[in-house]
1. Of all residues in segment 149-166, which are more than 14 Å from residue 446 (Cα to Cα) and surrounded by fewer than 21 Cβ atoms within 10 Å (Cβ to Cβ)?
2. So, in segment 311-369, exactly how many residues are under 16 Å from residue 104 (Cα atoms), over 24 Å from the mean Cα position of the chain (by Cα) and part of a helix (DSSP H, G or I)?
3. For segment 302-318, how many residues meet the condition of being of a type in the set (Ser, Thr, Tyr) and either more than 15 Å from residue 131 (Cα to Cα) or surrounded by fewer than 24 Cβ atoms within 10 Å (Cβ to Cβ) (or both)?
4. Does residue 334 satisfy the condition of being open to solvent by less than 10 Å² (accessible area, probe 1.4 Å), in contact with a helix residue (DSSP H, G or I) (Cβ under 7 Å, 6 or more places away or on another chain), more than 22 Å from residue 127 (Cβ to Cβ) and among the hydrophobic types (A, V, I, L, M, F, W, C)?
5. Got a sec? Which of 190, 212, 235 is buried (at least 22 other Cβ atoms within 10 Å of the Cβ), touching a Cys at 6+ places or on another chain (Cβ under 7 Å) and within 29 Å of residue 324 (Cβ to Cβ)?
6. I need the full set of residues from segment 167-187 which are in contact with a Gly (Cβ under 9 Å, 6 or more places away or on another chain), of a type in the set (Val, Ile, Thr) and buried (at least 22 other Cβ atoms within 10 Å of the Cβ), in order please.
7. Here are the criteria: (1) over 20 Å from the mean Cα position of the chain (by Cα); (2) open to solvent by less than 20 Å² (accessible area, probe 1.4 Å). Tell me which single one residue 206 does not satisfy.
8. List the number of the failed condition for residue 140; all other conditions in (1) under 24 Å from residue 313 (Cα atoms); (2) open to solvent by 40 Å² or more (accessible area, probe 1.4 Å); (3) at pLDDT 85 or above hold.
Amino acid sequence: MAVPPIGATLGAAWTTVRSALPDSCVNSQQDEQLHFAKFGRKPNDTELSNLQNSGTGGSLQRVDSFGDDESCGGGEFGSSRHKISEWQAGWNVTNAIQGMFVVSLPYAVLHGGYWAITAMIGVAYICCYTGKILVDCLYVTNEEGQLIRVRDTYVSIAEECFGRRVGARIVNTAQLIELLMTCILYVVLCGDLMVGTFPDGAIDTRSWMMICGILLLPCSFLKNLHHVSTLSFWCTMAHVVINVMIMGYCLLQAATWGWSQVSLRINIFTFPISLGIIVFSYTSQIFLPALEGNMSDPSKFHCMLNWSHVAAAIFKSLFGYVGFLTWQANTQEVITNNLPTQGFKGVVNFILVVKALLSYPLPYYAALDLLERAFFKGRPDTTFPRMWALDGDLKVWGLALRVALVVFTTVMAISIPHFAILMGFIGSFTGTMLSFIWPCYFHLKLKGPTLDWGTVAYDCFVIFLGVLFGVIGIYYSFRALVEAFQIGLPF
């Protein structure tokens, strides 16, 4: 039997896949220009570009209003010289929305049934939409009908809508709280998972947190988003391995699946638990202005965001559904506790620790950049001088401050009791504001006169959902916090 050449086979396979992809992924020069008339910029557009009739048929040349500071022009994450591809941007978004919540999704189906599965798909759609309109707020349309990027950060959008002093402070504070609490939570999860891996070991939870904090110290040397994207890629690979291992075990138990156990009715007292888990597993808006600003081809931002959320919705709904079918009413809050043997549980927990350590750099790097923009841009713009020397290297005191931030998150993880519940309480406010309410409010404020009534109504609907999710999350997190302190401190 003749075996076809491997090159020809791969070429034919890629042609088939290419034909199935949306046009915006493979033919961005034509169709994407029409699409980005609403949601982004064209491939040759740059910050504050003006149309120049210089004999080249109307080429676009850059007019940079953000100055010569290399830390500007790329969104929150600094230098625009270090560009990333749409794949690297996708790894970062996937890192944010395929987070550690994955192990709690079967528990969400236990309390929400088919409605929880529907919410996993619906919330993915809403969060993808709010990400697009947030990036849309970075642009204005000039007299020639071209989109010009006049803002580069979430904060700059807030300054336009709330005023420079109030807007910058409110959004900066909310972002910093959300990012630092996410970093602290990853350290807490590492400690809990390692104790679950070695339950009879001599090392306790807080000691494991300290060890994981030491392993995270090299994050202090991160200099650009390209390096963070590489770590996000390996985080995604760890996520895939976890899915394959747990889904593989579940498929082997398919003969015992409880198809009739998935509820069609909503329990008003337990469904909010499912909703909270699902909503806060999709928040990535805080990173999107930076990712779009650092992409080498921003016209593919919309396609990247679509496919990352489609993949997340498919993975999460299948994982939650199949996990619940396997363990049914015995489904634990963290699915690894349902695994049959301590050895299998230990391996999965260890991979989850690796995933948590690889997830840490993205919010850590974003928090660093927020602090640098607020306090370390140099006089007279900020109180303190720049962290960077003229040769592009960190100054010694700048590196010390970065190390101090890692130490701070580790100490907070060790010292604050019931931190995960406390994060749910505070995050119910900051998370819904950053991911649901503010993007839609900014969209209505900046783009209102150009929006049709359907878009305005949908923005108002998402704001209503954000308020509802926030109130429900604050209520249940506060109740859990009260109950936890009544039981007593964990140490």
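1. Selection gives 164, 165, 166.
2. 11
3. Within segment 302-318, the first condition is being of a type in the set (Ser, Thr, Tyr), and the residues that meet it are 308, 317.
Next cut, either more than 15 Å from residue 131 (Cα to Cα) or surrounded by fewer than 24 Cβ atoms within 10 Å (Cβ to Cβ) (or both) only: 317.
Summing the residues that are of a type in the set (Ser, Thr, Tyr) and either more than 15 Å from residue 131 (Cα to Cα) or surrounded by fewer than 24 Cβ atoms within 10 Å (Cβ to Cβ) (or both) in segment 302-318 gives 1.
4. Details: open to solvent by less than 10 Å² (accessible area, probe 1.4 Å): no; in contact with a helix residue (DSSP H, G or I) (Cβ under 7 Å, 6 or more places away or on another chain): yes; more than 22 Å from residue 127 (Cβ to Cβ): yes; among the hydrophobic types (A, V, I, L, M, F, W, C): yes.
Spelling it out, it is not the case that residue 334 is open to solvent by less than 10 Å² (accessible area, probe 1.4 Å), in contact with a helix residue (DSSP H, G or I) (Cβ under 7 Å, 6 or more places away or on another chain), more than 22 Å from residue 127 (Cβ to Cβ) and among the hydrophobic types (A, V, I, L, M, F, W, C).
5. Values: 212 fails: within 29 Å of residue 324 (Cβ to Cβ); 235 fails: touching a Cys at 6+ places or on another chain (Cβ under 7 Å).
Matching residue, one of 190, 212, 235: 190.
6. 182, 187
7. Going through the list (1) over 20 Å from the mean Cα position of the chain (by Cα); (2) open to solvent by less than 20 Å² (accessible area, probe 1.4 Å), residue 206 breaks only (2).
8. Checking residue 140 against (1) under 24 Å from residue 313 (Cα atoms); (2) open to solvent by 40 Å² or more (accessible area, probe 1.4 Å); (3) at pLDDT 85 or above, the one that fails is (1).
The values are calculated or read from the model by the stated rules, or taken from the named source; none is laboratory data. Quick caveat, the model's predicted, so the values are computed rather than measured. As a convention, Cβ positions derive from the backbone with ideal geometry for all residues, glycine included, and neighbour counts pool all protein chains shown. Just so you know, the surface numbers come from the protein's heavy atoms only, side chains and all, with ligands and any DNA or RNA stripped out. Shrake-Rupley method; radii C 1.70, N 1.55, O 1.52, S 1.80 Å.
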